[in-house]
Each structure stands twice: as structure tokens, then as C-alpha cells.
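The structure under discussion appears below in the form of C-alpha cells.
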Amino acid sequence: MKVVTGVVGNDIHVVANRLIDLSLRARGFEVFNLGVNTYLEEFFDAAVETGAEILLISSLNGEAEGWGREVKLLKAKYKDLDNLIMMIGGNLVVGHGNAEDIVPKYKNYGFDLVCHQVDLNTGLDSLEEFIQKRNRK
Amino acid sequence: MSQQNNKLLIDVGSTYFKVSTNDNIEQHFRDFNKDILDDLIHRCGDTIKRFDKDDVYICSSANGGLNTLIIGITKTYSLKYATNIAFNSGINIIDTILYQNIAEYSVPSDLVDVVIIVGGIDSCAGLFSDSLYSYLAKLSYSNIVFVGSEQDAPALKEQISNLVVLPNVIDNKLHIVEDYLKEYLTNLYQQDIEGKEDIKSLYDITANQIYPTPYIVNKALPEIDTRYSVVNPFILLDIGGATTDIHYSKDLVDENIVTKNEFDRLVFKKLGVFKSKQSLIFTAKNNEFVYELLMHLKVTENIFNEQSQKATKILMQLAIFLVLCKISHYRKAYINLKFLTINSFVLTGGITKVLTKEEIENIVAFFYKKILTSEHRPVVVLDSNYDIWTLGVKGD
Ligand code: B12
């Protein structure tokens, strides 16, 4: 499966991004890594150009909230992205927060999978489960 | 060097032409009642006669070049990449169409020289369908080229007659592949120049290939510091009679486009001071800062109706301001230059014969202050002797 990934906004924390790229490949995904400093529109555009089924966004510096709020509006402008699996992870708030509050909020923004300060492998396991469930349907 | 000294360089523009020998540059307004060759011979016949056909080099932007309409599937990749390649090949862009909304776009009534269809990496398929074909059925065009996913090429070829298929401009890493489309467009441009009766006759006086002027200018830029002490990064403005060209260092844009060029080009087709004077005035009247600028220059709107040296000067100053607006955050074109890091503004073309350095600095300062609220002041360099153009032609 094809995955578009990258770090959203002005965020330049690159280490997780490299690890995500490697881990996804190791799990057999075809990866399109847009790197750090990637804007929402670039993510969606890359999904269109590549025909990716999954969009995996990371955010480390606390910017995610601001971008999260724009996801629905922007995605609605695209006619062929309804089936795109949307995942986000990293540090999803500024400072500390707990997952019970954060996860529902991001789901409401339009994400299927939300991993606030979740270890990468755990996160990717949940992605694979999600895909399997969806395929069974 | 001695060989280069014996070259005659001719640039034919939409409004005037210039003729340069080693020791002299002449510039003349074109007489539109005459064929270009007759006009040239009439004005500079003696000079031309002194040169062997092998030593005459001509470039032309006389017909404003070719125009293109680009249909792509995203703004960030397909449309942006094709736009970048088209501009760098010397082609003017009439419009870009985001394919998913194609039904909502109006169809240009003028003949389009070349339609570019683009989208998808090679492993992506089924991106285009009937809405494309019904749009094309309403459009009149001379050439059509597909540079998208190789898997989609056969289907498109079946539906679109005379479709030229070239390798994808987007590779599997989502990077740009310029060469094939660039070569195709440059060749079309070349054929167009050669096909125009007017230009064709110029081959009576030269044995060399006639090139598009923007191509020549772009080629000269990496060597610009052999002529001027230009501090990188810089932008170059060529404000002509019909169009305004901007060439800019790649450092000035944050781009996902990674190309071999050090400089990119952008054209504003309807922003010239002679042939497209009316549309320049129209654009000016729609800019909220223009009245303030006119006041700053101590003139009123009435200047637009005048025919004088003063009026031409004001129009040129306006053209500089409007073009800068168009590439700033204020009126974003497809690029947005980092103005605060520009160190030099280089101006070439007819404008250097009309405006002084101070008059240009005045506008640049106004722009930085009003639009960017900045005190930054890049150095203004005037290429008043067409050194850049000369560099480009000679380099060939
Ligand atoms: C190194 C670092 C930097 C370096 C980055 C160098 C570089 N080019 O990468 C520098 C010094 C430049 C930097 C700058 C800043 N940083 Co910093 N930085 C860090 C630091 C110390 C380590 C980050 C790192 O590389 N970790 C190693 C990787 C492997 O771990 P990770 O990033 O956490 O990613 C893991 C998980 O989060 C997860 N993951 C990540 N994405 C995703 C996605 C999915 C879907 C899933 C499932 C999992 C997942 O997988 C990874 C492996 O398990 C952290 C603190 C920390 N200890 O985490 C702060 C930290 C991330 N930085 C922070 C801040 C605030 C900044 C600055 C704003 C500081 C400033 N005031 O200037 C700037 C922002 C710059 C910018 N434009 O982005 C804060 C963010 C706080 C927040 N979110 O509220 C942190 C958390 C420090 C802190 N505790 O305050 N930073």
C-alpha cells in the first residue's frame, strides 16, 4: 500500500520522520516521504498524485492543533480523497495533555487514527489492524 | 576573443529592436507598416552589410512567444511542475486548470498553441476521464502533449488525436523531471519563430539559429557577475513593450521543485508599457496602493491619458510596482519570493533607457515600505547597455 508521510507545518523535527519512513518500508508499505516542513495542501496533493491510500502526518513541536482544525475544510475541496486513511501522531498539543481529551478532538478533525505520544511501533500496529478491519468490511 | 568581436547581435522585440556590434548598440522603435527585415535594413542596412551571415546572431520575442494551457491534477505537483517548465522554456501561460474542477472553467476563445496535460506518478492510473475529453472538444488548440502517468497514456492517446506523449514530469519520488517537456516546448517555440513569415525572412541575414530572447537572457544569468557586481540572490526584471519577464535566483523561493537551473523565469503577459499598455493601466486601477503611489510620484490618474515621456516613465514605474506585488505575498502568483533576502534588483530592456537608477530605487523603496513594511533596500543595477543580453547571445 502507498503511504504519504511528513511533518506538518513549520515543524523541523526530523528524527521521527526518518524512523517512520524506515519502519513503514520494513512493514512493506510504499512510502512517499515529504519530509519536514510540509503544508496540509502538499500532503493532500501528494496523495492525489501518488494514489496513496494512507496519509500519516507527524507533528512534534506543538503546531498540530492549528493545522488539525483546517483538515476538514481543506479535504472537502478534494473530490477523490474520501477513502484516504488519515493518521496523525507525535506531540499533538503544546505542553502536556491526556489522550482521553486529545484523541476525540483529532477524530473530530477528520483523523481515523490518533497517536498522541504513542510509540511508533504500537502506532503502526494499530494502523495495520485498522487496514485489516476495513478490508474485512 | 577576436572572433567574438566580429559578431553582430540583433534582438527583435514587440516594440523595438536593438542591434549591437562590438563598439556600438543602436535601438529603434519598430515601424509596424514594414516587414521586420525591411525595417531592419532600412535602419541599419549599412551595419548589417558589414557582417558575414555566420557572424549575425538574432533572438526574438516579437510575437510574445507561444501560449499554453495546462491541465493538471494538483497545484503543488503537476500544475506547478508543468508551469515551471513552461516558463523556463520561454512559453506564456494562459491559464492552469485543476482537473477535478474542469467543468467549472471557461474555455478560452483564442487559439491555444499548446495544451499540456499532466498528473500522477507512473504507478497511478485512471486519473482522467470524459470531463477532460468534453473540455478539449470545446477548445481550439494547435498542439497537445501528455506528460503524466505512463499508465494513462494509452487511454488518452485513443481519445485525443495528435496527442504527443512524453515521459512523466513527475518521478516516483514526486520530483520534477524537466528535460523532455522542456525540449519539446523549446522546439515548438523554435518552429513557431521559424514559421512566422516575418521572422523567417531574417534567415536571409543570418546563418545561425534564431532563439527566443528570454531563453538567451536566462542563459546569461549564471555569468552575470562577469559584467556587474551583483550580489546574490538577485532578481532581474525585463519590462518590455508587451510582457514583463522576471528571472530570479532559486534561493529566493521555498520550493518543492528541485531543478538544475540556478534561475527560474516567470512571465506576466499583459504587463507591458506599449503594446499592452491598456491592460497595465487596468491592473493598476485595481491595485489599492496605486493612487498612493501616483501621489508619491506627484502625478494624478490623468497621466494615464497622456502621451509623453513623463507618462511613459510613470507607466514603467507602475509596471515595476505591479510586478513586484504579483510575486509578493500581497498578490501571490504561483511563486512567492523572499523579498527580504533579495540583495540586488537588476533591470534590463527598454526601461533602462527611460528611467534613472534613482527613479527605480524610489519605486523599490515604496514597495518595500508599503507592501512589506520593511526598510530593506536591495541594490538597483541597470543593465543599460544590454550587457546581459550580449553575454547570453555570445555564450551560445
Ligand atoms: C532534538 C529536538 C529539537 C531539535 C530538532 C533537530 C531536528 N532537526 O530534528 C531542535 C533544537 C532544532 C528543536 C527545535 C525546537 N523544538 Co524541539 N525537541 C527536540 C527533542 C529534544 C528531541 C526530538 C527527537 O528527535 N526525538 C527523537 C525522536 C525519535 O522521538 P520523537 O520526535 O518524540 O518521535 C517519536 C514519537 O513521538 C513517535 N512519533 C512521531 N510522529 C509520529 C507519528 C505517528 C503516526 C506515530 C504513531 C508516532 C509518531 O515516534 C517517534 C519514535 O517513537 C524534543 C524533546 C524530546 N525529548 O522528545 C524537543 C521538542 C520536540 N521540541 C520542542 C520545542 C518546543 C521546540 C522549539 C519550538 C523550541 C524553540 N522554542 O525554539 C523548536 C521548534 C523548531 C521547529 N520549527 O520545529 C518541544 C515540543 C513541545 C510541545 N509539543 O509542546 C519538545 C517536546 C521539547 C519540550 N519538552 O519542550 N528541537
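The values are calculated or read from the model by the stated rules, or taken from the named source; none is laboratory data. Note that the structure is a prediction, hence the values are computed from the model and not measured. All Cβ positions, even for glycine, are placed from backbone atoms using ideal geometry, and neighbour counts span all protein chains on display. For accessibility, only protein heavy atoms count, side chains too; no ligands or nucleic acids. Shrake-Rupley method; radii C 1.70, N 1.55, O 1.52, S 1.80 Å.
Please specify each residue of segment B:212-223 satisfying the condition of being farther than 16 Å from B:I239 by Cα and surrounded by 22 or more Cβ atoms within 10 Å (Cβ to Cβ).
Passing the criteria: B:A220, B:L221.
Of all residues in segment B:166-185, how many are away from every other protein chain (no Cβ under 14 Å) and surrounded by fewer than 17 Cβ atoms within 10 Å (Cβ to Cβ)?
Here the count works out to 4.
Return yes or no: is A:N17 farther than 21 Å from B:G126 by Cβ, more than 8 Å from chain B (Cβ to nearest Cβ) and in contact with an Asp or Glu (Cβ under 6 Å, 6 or more places away or on another chain)?
no
Search segment A:1-16 for residues being near the ligand (Cβ under 9 Å from one of its atoms) and within 23 Å of A:E129 (Cβ to Cβ), and hand back the single one that is most open to solvent (accessible area, probe 1.4 Å).
A:A16
Where the second residue is within 10 Å of the ligand (Cβ to nearest atom) and assigned to a loop (DSSP other than H, G, I, E, B) and the first is closer than 17 Å to A:M1 by Cα and at pLDDT below 95 and lies in segment A:80-93, which pairs have Cβ atoms under 6 Å and are six or more apart or on separate chains?
Final answer for the pair search is none.
Residues checked against (1) within 14 Å of chain A (Cβ to nearest Cβ); (2) within 30 Å of B:F17 (Cα to Cα):
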| site | (1), (2) |
| --- | --- |
| B:N92 | no, yes |
| B:S106 | no, no |
| B:L111 | no, yes |
| B:Y133 | no, no |
| B:S140 | no, no |
| B:V147 | yes, no |
| B:A155 | no, no |
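Is there any pair linking a residue in segment A:104-119 that is part of a loop (DSSP other than H, G, I, E, B) to one that is within 7 Å of the ligand (Cβ to nearest atom), with Cβ under 8 Å and at least six apart or on different chains, and which?
A:F111/A:M87; A:F111/A:I88; A:D112/A:M87; A:Q117/A:G90; A:Q117/A:N91; A:V118/A:G89
With the requirement that a residue be outside any helix (DSSP H, G or I) and away from the ligand (no atom under 12 Å from the Cβ), what does segment A:17-37 give you?
A:R27, A:G28, A:F29, A:E30, A:V31, A:F32, A:N33, A:L34
For the subset of segment A:38-64 comprising residues that are open to solvent by 10 Å² or more (accessible area, probe 1.4 Å), of a type outside the set (G, A, S) and under 15 Å from A:N91 (Cβ atoms), which member is farthest from the other protein chains (Cβ to nearest Cβ)?
The selected residue is A:L60.
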